[in-house]
Amino acid sequence: MTEQGAVTRRRFLRGAAGTAAVAGASGVAAAQQSPSGGPSVEVDLVDYEFDPGTNSPLTIPPGTTVKFVWKTGGHNIHVDSQPSGANWQGNESIENAGYSTSFTFTVEGTYHFWCVPHKSLGMVGDIQVKKGAPTPGGGSKATVPGIPNTAKTLGLGLFLAMATTLGLAYVLLKFGGNEDGPD
């Protein structure tokens, strides 16, 4: 017979499995949170275009954060037109490669913008914000915030550590020796 509060193999494995499930679920939920709480898209400023945005409008749902990344230098973002009530300022100063800025588009409508030094070379862009637009992720550079590689590595390491510990505990509980102790 076992004592009232004794740890049995089943109690140990049941508690360990529950703890592992809660820890795994909370880690994945935390890793998928984005700063704005919505999807995000990256628009690169390269040579003489906004990628995506120049060759065809970038269409996004309201609440999407667009991160503009200068891949080449000598560009800016001049906002020509935007929906009433929107307050996007663009980025009027000329920036070098490596610079980035973000804006969360919440007001529906079309935003038309260009790079002042390169407008004559066709560096103009459009962003259309409308309800029902597909969530970024299926298109060119549009992506839904994913799980960072560091979180995946940490999760895999924790899983392996827990599996090893549970396996070792099971073996020790099953074959670990005499419960009565030495005679």
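The values are calculated or read from the model by the stated rules, or taken from the named source; none is laboratory data. Values in this document were obtained by computation on a predicted structure and should not be read as measured data. Note that each Cβ is placed from the backbone with ideal geometry, even for glycine, and that neighbours are counted across all protein chains shown.
Key figures for this structure:
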item	result
All positions within the stretch 69-83 that are farther than 20 Å from Ala133 by Cα and either out of contact with any Pro (no Cβ under 9 Å at 6 or more places or on another chain) or surrounded by 15 or more Cβ atoms within 10 Å (Cβ to Cβ) (or both)	Val69, Trp70, Lys71, Thr72, Gly73, His75, Asn76, Ile77, His78, Val79, Asp80, Ser81
Complete set of residues in the stretch 95-138 that are more than 13 Å from Leu58 (Cβ to Cβ), under 20 Å from the mean Cα position of the chain (by Cα) and in a strand (DSSP E or B)	Ser100, Thr101, Ser102, Thr104
Residue check for Ser120: without any contact (Cβ under 8 Å) to a residue 12 or more places away in the chain and not aromatic (Phe, Trp, Tyr)	yes
Candidate set: the stretch 144-183, residues that are surrounded by 15 or more Cβ atoms within 10 Å (Cβ to Cβ) and not hydrophobic (A, V, I, L, M, F, W, C); chosen: the one modelled with the lowest pLDDT	Pro145
